[in-house]
Structure formats: structure tokens, C-alpha cells
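The values are calculated or read from the model by the stated rules, or taken from the named source; none is laboratory data. Not measured: the values here are computed from a predicted model. Glycine also receives a Cβ, built like all others from the backbone with ideal geometry; neighbour counts cover every protein chain displayed. Note: areas computed on protein heavy atoms with side chains; ligands, DNA, RNA excluded. Shrake-Rupley method; radii C 1.70, N 1.55, O 1.52, S 1.80 Å.
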Amino acid sequence: MSISSGPLNQLSYRGAPPILKGQLKQSPADFRVDEILGFEPDGEGTHGLFLIEKTGITTGHMLGLLSKLSGVAERDIGFCGMKDKLAVTTQWVSLPLAASHSSENPPDWIDALPDHVVVLRWNLHRKKLRRGNHRGNRFSITIRNVIGDDPEFVQRLDRLEEQGFPNYFAEQRFGHAGGNYALLEKLGRLSNARSISRADRNWGISTLRAEIFNRVLSDRLSRSTEATAESGDLARLAGTNSWFLVADEELNNAQQRIDIKDIWLTGPLWGEGASPAGECVQAEENRIAAEVLSRYGAENWSSHLHDWRVDHDRRALMAPVTGLQCEEKTEEGGRILNLSFELESGSYATALLREIIELTQT
């Protein structure tokens with residue numbers, strides 16, 4: 001299956017579509033993700049902070065396993081983000097510990113873990129980890145059976161590191177083979193959705209917001225305004241979740257700050273009520289949101305967002321990539337690209353790869 005035929009099909013690229021083609025994830029070792037926490041465990045406190053390497057299972061399955069072995073309720077286990085199943089990944093996890101535990105006295109459940117889930121190191125910590133607490137992720141990705149010739153491949157990589165890449169929500173957000181779209185249709189048909197499961201509610205909200213955001217981003221890419229300040233834009237300060245309205249008199253200054261990547265323009269994470277964007281930007285975002293909502297029950301979704309108290313939020317349209325390197329090899333099985341890079345938390349590696357190479361996944 002071509003990854004480009006999934007939920008991102010027909011969405012705009014930042015530059016010219018990729019020329020190279022290749023295969024992704026032929027084995028877990030071809031896709032390695034190392035979580036960058038950005039701080040060290042406190043060395044004291046009532047929680048343990050564990051760096052865990054897992055192979056070939058989802059974060060959800062890993063959390064269930066930790067809960068079963070430790071006796072800690074899954075809701076009390078802290079983690080920063082979901083990691084891929086068909087991959088080798090490391091991530092930090094927090095669990096509350098009994099007072100008898102010290103940094104020299106590891107919990108017994110560590111020794112009961114299966115071979116594909118390994119605690120690399122741990123220490124005491126004062127509080128539970130929360131989603132998005134980590135600084136980012138480091139990726140090491142092998143793409144196999146590469147075909148094609150891109151004479152400007154090096155320049156393509158340089159532009160991505162210099163300018164960033166479209167911060168699309170990638171296939172993982174939409175479920176296997178886009179299965180979450182069926183959930184959107186189901187929720188959109190319900191006039192009262194208070195009785196649905198928490199999981200369906202959360203996935204429904206996430207999928208709806210991702211679809212609207214992606215369509216807004218694609219529209220701005222098609223007009224080459226994803227990094228061009230417009231009156232009424234909402235800009236995010238780099239490295240934070242703080243955003244502010246760009247007024248007419250601030251356009252020149254805002255553009256200068258965008259050019260040096262001090263701020264990034266944002267798109268909507270849809271919620272109840274009016275968008276906080278300025279009039280012109282709001283009108284365009286409302287138009288695209290209305291098109292998406294019309295396919296999934298606009299009237300009912302407005303009620304759902306109110307009932308579930310989903311507020312508007314923002315997400316950067318473009319995302320930075322650092323340390324982007326590529327090594328090409330030729331082996332008996334064909335051409336191979338080994339890519340390595342770092343992304344901020346919340347950005348998707350496959351959204352970056354989409355700008356580099358057309359992928360198929362076995």
C-alpha cells in the first residue's frame with residue numbers, strides 16, 4: 001500500500017512532490033525512535049521514571065503490560081506520547097512507587113518484563129509524566145528498495161532543514177487504513193453522544209480536528225501562504241504553546257520573525273464556538289471546517305463539541321527539523337537510504353518523509 005494513498009492523499013506539498021520511491025518498515029529495526037525528555041529525573045520523590053525500550057508493540061499495549069505486572073492502575077501511569085508499533089522505540093514512563101523503594105532498590109516487576117520490553121535505566125521523580133512533557137524525538141529510519149533519481153535531492157533536504165516541513169497529522173492519527181473516518185460518521189449521526197465510550201469520544205475529537213487542520217494547511221500550501229503573515233493570523237512563539245494575534249500594523253515585524261523561525265503561523269484545532277483568528281483568516285478556516293463537518297454531521301458535531309467542552313486550540317502549520325542527515329547505500333537487496341533527524345514533540349516523521357520520498361509500507 002502506498003502511504004501517499006492514505007489520509008494525506010491529494011494534500012499539498014511544500015515543494016515539488018518527491019521523485020524517489022522506496023519501502024518503509026520492512027522490520028521494526030528499520031524505524032527507530034528515541035524520546036528526548038529534555039530533563040533528568042529528580043532523583044527523589046514518590047514516582048519512578050523509567051526509560052523503556054520496546055520492540056514491535058504499541059505504547060498502549062506496553063502500558064497495559066506495566067499495569068498488570070506492577071499492580072498500578074493504567075490511569076496512574078504517566079507517559080509523554082504514543083510510539084509506533086512496528087518500530088524499536090524508547091520512551092519515558094512514570095509509575096507511583098511504594099515508600100520502601102529507593103534508587104538502589106528497583107521494583108520487582110522490572111525482572112518480569114518480556115524480552116521485547118526492557119527498562120534501560122530509571123530513577124526517582126517527584127511527579128507523574130504528562131502528555132507532551134518531552135522535548136521531542138530522535139529518528140533513525142531505513143528506507144529500502146529505493147528507485148528513481150532526484151538530481152536535487154541534497155537541495156531538497158537542505159530546504160527542509162532551513163525552512164521546516166508541513167506539520168500534517170499523519171496516518172497514525174486516522175487509524176489503520178483510515179478506519180477512524182467510520183467513527184466520525186457514526187458520531188455525526190448521533191444526536192446525543194454522551195453515552196459513547198471515552199475512547200471513541202477522544203478518537204473522534206482527535207480525528208475531526210486533524211482532518212480540519214490538514215485541510216487548512218493544504219489550502220495555505222496551495223496558496224503559498226503557510227509562512228506568509230496575513231492580518232488575523234495566529235502565530236506561535238517557537239518552543240512554546242503560546243500564540244498571539246497578528247494585527248495589520250504588525251505584519252512586517254511578524255514576517256521578519258517568521259523568516260528567522262522565531263514564530264510559526266498556526267492552523268486550527270477545532271473547538272466549540274467562534275475561532276479566535278482574525279476576520280479574514282477565520283472566514284477561510286470556517287469555510288474549510290464547514291466542508292469537513294458537512295460530511296460528518298455538522299449540527300450534531302457542534303453539539304458534541306459543546307457537551308464535551310472542547311475549546312479551540314492552535315497547531316503550527318510548519319514544523320522544524322534538526323540534524324537531518326541521509327546516507328545512501330547499495331546492498332544485495334537494492335538501494336537503501338538511512339535517514340536521521342530530530343523533531344519536536346507532536347510532529348510526525350512520516351509527514352517529513354512525505355516531502356522527501358514516496359513511500360510504500362509492507
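Rounded to the nearest 0.05, what FRET efficiency is calculated for residue 120 and residue 73 with R0 set to 30 Å and r the Cβ-Cβ distance?
It comes to 0.80.
What pairs in 127/186; 83/261; 85/261; 54/261; 68/128 have C-alpha atoms more than 30 Å from each other?
127/186; 85/261; 54/261
Roll a 1.4 angstrom probe over the protein heavy atoms and tell me the percent of accessible area of region 278-353 that is carbon or sulfur.
Reported share for carbon and sulfur atoms: 43 percent.
Classify region 229-302 as rounded, prolate or oblate, taking a ≥ b ≥ c as the square roots of the eigenvalues of its Cα gyration tensor: rounded when a/c is under 1.5, otherwise prolate if a/b is larger than b/c and oblate if not.
prolate
Considering only 232, 323, 334, give the residue with the highest GNM mean-square fluctuation for the chain, with springs between Cα atoms whenever their separation is below 10 Å.
Residue with maximal mean-square fluctuation among 232, 323, 334: 334.
In region 1-140, carbon and sulfur make up what percent of the accessible area (probe 1.4 Å)?
Looking at region 1-140 in its full context, I get 49 percent from C and S.
Using θ = phi - 60° and the Karplus form 6.51 cos²θ - 1.76 cosθ + 1.60, what ³J(HN,Hα) does each residue of region 196-212 get, whole Hz, x for Gly and Pro?
6, 5, 4, 5, 5, 4, 5, 5, x, 4, 4, 5, 4, 5, 5, 5, 5
Hand me the GluC sites (Glu not before Pro) from region 28-113 located in a DSSP loop with no more than 13 other Cβ atoms within 10 Å, in residue order please.
In loop regions of region 28-113 (DSSP not H, G, I, E or B), the sparsely surrounded GluC sites (Glu not before Pro) are 44, 104.
Could you state how much accessible area residue 190 has, in square angstrom rounded to the nearest 10, with a 1.4 Å probe and all protein chains kept in place?
60
Which of the following values of Cα extents along the principal axes in Å was calculated from the structure shown: (1) 108, 51, 46; (2) 60, 56, 41; (3) 67, 44, 36?
Only one option fits the structure, namely (2).
May I ask you to list the GluC sites (Glu not before Pro) in region 274-362 that are in a DSSP loop and have at most 12 other Cβ atoms within 10 Å of their Cβ?
In loop regions of region 274-362 (DSSP not H, G, I, E or B), the sparsely surrounded GluC sites (Glu not before Pro) are 332.
Among 239, 180, 266, which residue has its Cα positioned farthest towards the positive end of the charge dipole of the chain, with +1 placed on the Cβ of Lys and Arg, -1 on the Cβ of Asp and Glu, and the dipole taken about the Cα centre?
Ranked along the dipole, the leading option is 180.
With every protein chain left in place, what is the accessible area per residue of region 130-174 in square angstrom, probe 1.4 Å?
52
Evaluate the relative contact order of the chain (contact order divided by residue number), counting alpha-carbon pairs under 8 angstrom at least 6 apart; express in whole percent.
Across the chain, relative contact order equals 26 percent.
Can you grab the distance from the C-alpha centre of region 255-314 to the C-alpha centre of region 137-171, Å, no decimals?
Rounded to whole Å, the Cα centres lie 28 Å apart.
Whenever you get a sec, compute what percent of the accessible area on region 213-266 sits on carbon and sulfur atoms (1.4 Å probe).
C and S atoms contribute 47 percent here.
Measure off 7 Å from each Cα along the Cα-to-Cβ vector at residue 19 and residue 190, then give the distance between these two points in nanometres to one decimal.
Placing both labels 7 Å along Cα→Cβ, they lie 5.0 nm apart.
Can you list residues whose amide H is under 5 Å from residue 57's amide H, if they're 5+ apart or on another chain and H is modeled 1.01 Å from N?
For residue 57, whose amide H was placed from the backbone, the distant partners under 5 Å are 87.
Please go through region 182-256 and write out the trypsin sites (Lys or Arg not before Pro) that DSSP classes as loop and that have at most 14 other C-beta atoms within 10 Å.
Sites meeting the loop and neighbour criteria: 194, 223.
For residue 314, what residues show an amide H to amide H distance below 5 Å, using hydrogens built from the backbone and excluding near sequence neighbours?
Close amide H contacts, sequence-distant or interchain: 269.
How far apart, in nm, are two points set 7 Å out from the Cα along the Cα-to-Cβ line at residue 9 and at residue 152?
Once both label points are built, they end up 2.8 nm from each other.
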